[in-house]
Amino acid sequence: MSALRHNPDKPLAGWRVLVPRGGPWGDQVAANLRSRGALPIVAPMINFAPTDDAAALETALAKLAAGDFDWMTVTSATTVDVLSSHRAVVAPGTRIAAVGETTAAALVAAGYHVDIVPSEDNSAKGLLADWEAATHGVIPLRVLTLRSEIAKPLLTEGLRRIGHDVESVVAYRTVGVPVSDRVVADVKAGRVHAVLVTSGSVAQQVQEQLGPIPTTTLIACIGPRTAKDAAAIGLRVDVIADERSAESLIEALVRLAPRDL
C-alpha cells in the first residue's frame, strides 16, 4: 500500500476504512470518517434475528407491562429496537438502567425513560459499580435483564451475586452477514487501511471472512472488552479506543494518521 501524506485538516485523507455495521450507526460513522478525509467502506458483517425462545420473551414483556419488575436493564440499541417492535409497555413503577449513552438515547427516542446510565464506564461492570448508589442499597429487587444470545451474562451474574431476583431473557440473536467478494479481495490485497471492530461478534466475522488481515491494515477495536474478545479468537489488535464510542474509535485512527501506511 502506498504511503499517505498527512493532512492536519483532513487527518485521514485517502484512508480506506472498513465500517462493519450498517443502518443509522454505520451511516453516522461513515459521515464522520468522510469529514476527516477518509473513504469509508460500509460492509455490514452482522445482523440481528429474532430470539429462538419467543415465548420466553413474550412472557417477560407481559410481566414487564404488569409491573412485576422493579428494574429493567438494557445493554444495546438493538434491544431497544426489540422493545419497540413488540410495542413493549414498561409499567409506571419500573425503572430502567441503560448501559451507555447510545442505548439511553435510543430508549428516549423510542419513548421510554432512563433512570441510570453508568457515570464513567459504559459497560456491565460500570453499571454494577453504580448500582448500589442508584438503588439506595435495597435488596432484593426484581430485575429483568434483556440480552443478546451471545452476550456474556456479566450483568445478570453480578446482580444475582448482590442478592437480587434476576430474570435473564434473550431478546435477539446475532448472525453473520457475508461481505462481497470485492471487499474480501480489497482487504486481502492490502487496499484497506483500517478495519473497525465494534464487538466480539464483529471480530469473529472479520477473522472468519477476511483473515488473516495484512499487517499494513490497522485493526481498531472499540474498547478493551472487544479487544480481548478479538485476541481470544486470534485476531490481531493494533489500537483500542479510549472510550466505547464511535467517535473515540475514529479518534484512535486519527492519532495514528501521521504514520505512513
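List of remarks:
- Among residues of segment 105-134, those that are part of a helix (DSSP H, G or I), among the charged types (D, E, K, R) and closer than 22 Å to residue 200 by Cα, counted: 1
- Filter pass, residue 108 being farther than 30 Å from residue 188 by Cα, over 13 Å from the mean Cα position of the chain (by Cα) and open to solvent by less than 70 Å² (accessible area, probe 1.4 Å): no
- Selection of segment 232-261 for residues being surrounded by fewer than 15 Cβ atoms within 10 Å (Cβ to Cβ) and touching a Cys at 6+ places or on another chain (Cβ under 9 Å) yields an empty set.
- Inside segment 201-210, residues that are surrounded by fewer than 22 Cβ atoms within 10 Å (Cβ to Cβ) and without any contact (Cβ under 8 Å) to a residue 60 or more places away in the chain make up a count of 3.
- When residue 102 is tested against the conditions (1) open to solvent by 70 Å² or more (accessible area, probe 1.4 Å); (2) in contact (Cβ under 8 Å) with a residue 24 or more places away in the chain; (3) in a loop (DSSP other than H, G, I, E, B), the lone failure is (3).
- Contact annotation: residue pairs with Cβ atoms under 7 Å, 6 or more positions apart or on different chains, pairing a residue in segment 211-226 that is more than 12 Å from residue 248 (Cβ to Cβ) and open to solvent by 10 Å² or more (accessible area, probe 1.4 Å) with a partner that is among the hydrophobic types (A, V, I, L, M, F, W, C) and in a loop (DSSP other than H, G, I, E, B), are 211/235; 216/1; 216/261.
- Near pairs, Cβ below 7 angstrom, 6+ apart or cross-chain, from segment 53-74 (in contact (Cβ under 8 Å) with a residue 40 or more places away in the chain) to any residue that is of a type outside the set (A, V, I, L, M) and assigned to a helix (DSSP H, G or I): 69/63; 74/103
- Checklist (1) surrounded by 14 or more Cβ atoms within 10 Å (Cβ to Cβ); (2) farther than 26 Å from residue 242 by Cα applied to residue 76, failing item: (2)
- Members of segment 116-140 that are open to solvent by 60 Å² or more (accessible area, probe 1.4 Å) and within 26 Å of residue 25 (Cα to Cα): 119, 120, 121, 125
Matching residues to (1) in contact with a His (Cβ under 6 Å, 6 or more places away or on another chain); (2) part of a helix (DSSP H, G or I):
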position	(1), (2)
136	no, no
140	yes, no
143	yes, no
146	no, no
155	no, yes
159	no, yes
172	no, no
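The values are calculated or read from the model by the stated rules, or taken from the named source; none is laboratory data. Nothing here was measured: the structure is a model prediction, and the numbers come from that model. Please note: Cβ atoms are built from the backbone with ideal geometry, for glycine as well, and neighbour counts cover all protein chains shown. Ligands, DNA and RNA are stripped out before the accessible areas are found, and what is left, the full protein with its side chains, is counted by its heavy atoms. Shrake-Rupley method; radii C 1.70, N 1.55, O 1.52, S 1.80 Å.
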